[in-house]
Each structure stands twice: as C-alpha cells, then as structure tokens.
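The values are calculated or read from the model by the stated rules, or taken from the named source; none is laboratory data. If you're wondering where the values come from, they're calculated on a predicted model, not measured in any experiment. Quick reminder, even Gly has a Cβ in these numbers, built from the backbone with ideal geometry, and neighbours come from all protein chains shown. Heads up: the accessible areas ignore ligands, DNA and RNA and are worked out on the full protein's heavy atoms, side chains in. Shrake-Rupley method; radii C 1.70, N 1.55, O 1.52, S 1.80 Å.
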Amino acid sequence: MMEIDWKNLPFGYFKTDYNVRCYNRNGQWGVLEVSSSEYINLHMAATALHYGQEAFEGMKAFRGEDNKIRLFRWEENAKRMQRSAQGVMMAEVPTELFKEAIFKVVKLNAKYVPPFGLGASLYLRPLLIGSGPEVGVKPSSEYLFMVFVGPVGPYFKEGFNPVELQVIGDYDRAAPNGTGHIKVGGNYAASLRALDRGKKEGYASVIFRSSADRDYIDEAGPANFFAIKGNSYITPDSHSVLPSITNMSLRQIATDMGMKIELRSVAVDELGDFDEVGACGTAAVISPIRKIVDRQTGKTYQYCKDGKAGPMSTKLYNKLRAIQEGRDADTYNWNTIVE
Ligand SMILES: *Cc1c(COP(=O)(O)O)cnc(C)c1O
C-alpha cells in the first residue's frame with residue numbers, strides 16, 4: 001500500500017480495497033457481496049438515472065487512542081435511510097443488512113482508518129439506488145444498496161475555524177412539502193447552483209431561506225444551522241430541513257450542559273440577536289460562523305469578535321469529538337466498536 005499522508009487528506013473520494021453490495025429483486029434482498037471494483041454495471045434505463053430514485057448516507061468511523069475503531073450512532077443512519085427509501089418509494093434496507101454492510105466494509109478496509117489524533121476519519125457512504133429499467137414514471141422493481149468508504153480530512157479546509165456564509169432567497173434546495181427532510185440526491189442537485197455562486201462570491205456555504213415564506217432559516221448548505229443565545233441552543237424545526245444526527249447529538253450534549261433547547265422556526269431577522277452561530281453535520285461536526293451576509297439586503301451579521309469560535313460552540317464541538325474518539329465516557333452508547 002502507498003504511504004498515506006494522513007495529515008493532509010482532503011474531504012474527497014479515496015480509492016480503498018473493497019466495497020459491499022446487495023441487490024433487491026422483486027421485493028427480496030439477496031446476499032451481501034464484496035467487490036474490489038470501483039464501478040457498477042448499471043442498466044441505462046435505471047430509475048436512479050432518470051427519475052432520481054436515489055438516497056445516500058454519510059457517516060464516520062474513528063480510531064481511538066486505544067486503537068479501536070468506533071462507528072458513531074449507525075442505527076440512526078440506518079433509520080434515516082429507511083425514511084429516505086420510503087420518501088422516494090424504494091425498497092428499504094433492513095437495519096440488520098445495513099449493519100452487516102457497514103461493519104463488513106469497515107473491517108475489510110481497516111488499514112484505511114486514519115490513526116488517532118489527526119482529526120481524520122474513515123468516511124462511509126451508503127448508497128441506495130433504483131437500478132431496474134423503467135421508462136414510464138414509476139418505482140423500480142430492482143434496487144442496489146452499496147457502501148464504499150475512504151479516509152477523509154476535515155470537511156472545511158479551515159477546520160474548526162470560523163467561516164463566512166451568505167443568506168439567499170432566490171434559490172431553494174427543497175419545496176415546502178418536498179423532499180428536504182430526506183437524504184436524496186435531488187436536493188443536492190437543486191442546491192449546486194446556489195453553492196457554486198456563493199463560493200464564487202467568497203463564502204464557504206449558503207443559508208437557504210424557507211421556501212414557503214422566505215422569512216426563516218432553512219438549511220446551511222449541506223448542514224443544519226444552529227445558534228446560541230444566552231443559555232439556549234436554537235435550531236430550525238422545518239419539514240424541509242434534514243434531521244441531522246450531529247445536531248440531535250449536540251442537542252443532547254447541550255441539554256447535559258444545562259442549556260435550554262429551542263427546536264422552532266428561526267427567523268432571519270433574529271440573526272442579529274445570537275451570540276454564536278454555526279453549521280453542523282457529520283462532515284465538519286461544527287463549522288463555526290463568523291459572518292453572515294444577506295445577499296438581498298446586504299445586511300451583515302458578525303460573530304466571533306476575536307476571530308475564534310465562540311465558547312459554547314467550542315465546548316459542544318470538543319465534547320462530541322471526545323465521545324466519538326473514545327476519549328470521554330460514551331454515556332448514551334452512541335459508539336459501536338468494530339471488532
Ligand atoms: C447529511 C445532511 C446533514 C447532516 O446530517 P448528519 O446526520 O449530521 O450528518 C444536514 N443537512 C443536509 C441537507 C444533509 O444532507
């Protein structure tokens with residue numbers, strides 16, 4: 001194996017040795033197959049390609065100081081993928097099959113799990129697609145579930161350093177009663193133009209306004225938005241926001257720290273009232289935000305006066321990372337050791 005420069009890993013695709021696959025044909029899941037090919041042989045009329053029958057997950061495995069590999073809250077990813085499958089009428093991957101697949105693929109690629117202490121991890125990408133041919137608009141009669149993995153560095157090259165975001169209201173990633181609450185590729189396709197423009201205009205990501213009325217904060221690009229105000233942890237409650245497992249975990253940690261949780265509509269107008277703001281998700285855990293510019297009004301909101309992440313965001317981040325790496329007590333049994 002080539003030497004891996006663990007310290008300078010990007011957040012991107014990295015070829016490893018194996019992936020795992022399983023087909024559902026006529027309502028029945030087959031056996032889990034191990035593959036060393038990076039390619040799939042797909043029918044050109046597959047519903048994933050034409051009608052967006054596709055869902056994915058993103059999760060991480062961490063190596064602890066004890067050298068053990070830990071998977072963080074994988075059952076939540078399994079459940080979410082089942083909800084995504086229901087949402088776009090695909091065969092659901094049973095929790096047992098999901099578990100077998102992710103543990104097998106991590107074990108087979110154990111040498112690619114980065115060493116402890118570098119902020120790097122093994123990223124897992126479970127994928128479910130309609131693989132059967134249809135030309136009429138209807139669900140596929142065949143599905144492919146697969147999981148590939150790869151070592152990754154921090155999502156934002158800034159690491160746990162504050163980023164600048166832009167609030168926009170002229171693009172929507174999801175409709176009010178659409179698919180924003182499930183992890184399907186279509187939401188990402190719909191967000192690409194907005195993200196690309198935001199990056200060209202100098203921002204790390206964009207914050208979408210609520211698509212129904214435009215008054216509220218929806219998603220922060222591919223992550224959830226949260227704010228700290230006094231002793232409260234505030235995060236949007238919206239049908240078009242993806243229920244983030246990181247956000248759910250941060251709410252539990254915040255509760256344990258004695259904070260009050262406010263899961264509610266969050267108005268863009270409130271941005272001036274917050275002490276700290278951030279984006280959260282598996283990829284970055286927390287990306288602290290130092291500045292938000294409203295693209296329509298030009299209004300600017302500043303945080304992190306000293307240039308560093310705020311104290312509460314820092315505490316939440318450190319605690320979650322410590323649990324994931326086995327440095328702190330795993331009170332809620334969020335980790336499963338891969339043996
Ligand atoms: C995956 C995702 C998140 C983060 O969810 P986690 O479970 O914390 O990784 C947030 N928003 C969107 C749109 C996502 O796709």
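Results, tabulated for the structure shown:
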| item | result |
| --- | --- |
| Heavy-atom accessible area order for Met248, Met59, Met44, Met312, largest first, 1.4 Å probe | Met44, Met248, Met312, Met59 |
| Cα gyration tensor, segment 1-62 - rounded (a/c under 1.5), prolate or oblate | prolate |
| Cα gyration tensor category, rounded, prolate or oblate, for the chain with a/c compared to 1.5 | oblate |
| Scattering profile of segment 6-152 at q = 0.11, 0.18 Å⁻¹ [log10 I(q)/I(0), Debye over alpha-carbon scatterers] | -0.42, -1.02 |
| Separation between Cα centres of segment 284-310 and segment 36-60, rounded to whole Å | 36 Å |
| With DNA, RNA and ligands ignored, accessible area of Lys138 (1.4 Å probe; Å², nearest 10) | 120 Å² |
| Distance violations [Cα-Cα > 29 Å] among Lys183/Lys319; Lys200/Lys319; Lys99/Lys260 | Lys200/Lys319; Lys99/Lys260 |
| Accessible area of Arg173 in the full protein assembly, 1.4 Å probe (Å², nearest 10) | 20 Å² |
| Considering only segment 163-324, percent of DSSP beta bridges that pair antiparallel, nearest 5 | 60 percent |
| Solvent-accessible ranking of Met257, Met90, largest area first, probe 1.4 Å | Met257, Met90 |
| The chain - charge dipole about Cα centre, Lys and Arg +1 at Cβ, Asp and Glu -1, debye rounded to 20 | 360 debye |
| Between segment 227-267 and segment 106-173, the Cα center-to-center distance that results, in Å | 23 Å |
| Accessible surface, 1.4 Å probe, highest first, among residues Glu134, Glu3, Glu75, Glu65 | Glu3, Glu65, Glu75, Glu134 |
| For Glu33, solvent-accessible area (1.4 Å; no DNA, RNA or ligand), Å² | 80 Å² |
| Reciprocal of mean inverse Cα separation for segment 163-324 (Kirkwood radius, Å) | 15.6 Å |
| Relative contact order, percent, the chain [alpha-carbon distance under 8 Å, six or more residues apart] | 19 percent |
| Label-point separation in nm, Glu65 to Asp196, each point 7 Å along Cα→Cβ | 4.6 nm |
| Nonlocal amide H pairs with Glu142, under 5 Å, H built at 1.01 Å | Ser131, Gly132 |
| Highest-MSF residue in the chain out of Asn161, Asn187, Asn41 [GNM, Cα springs under 10 Å] | Asn41 |
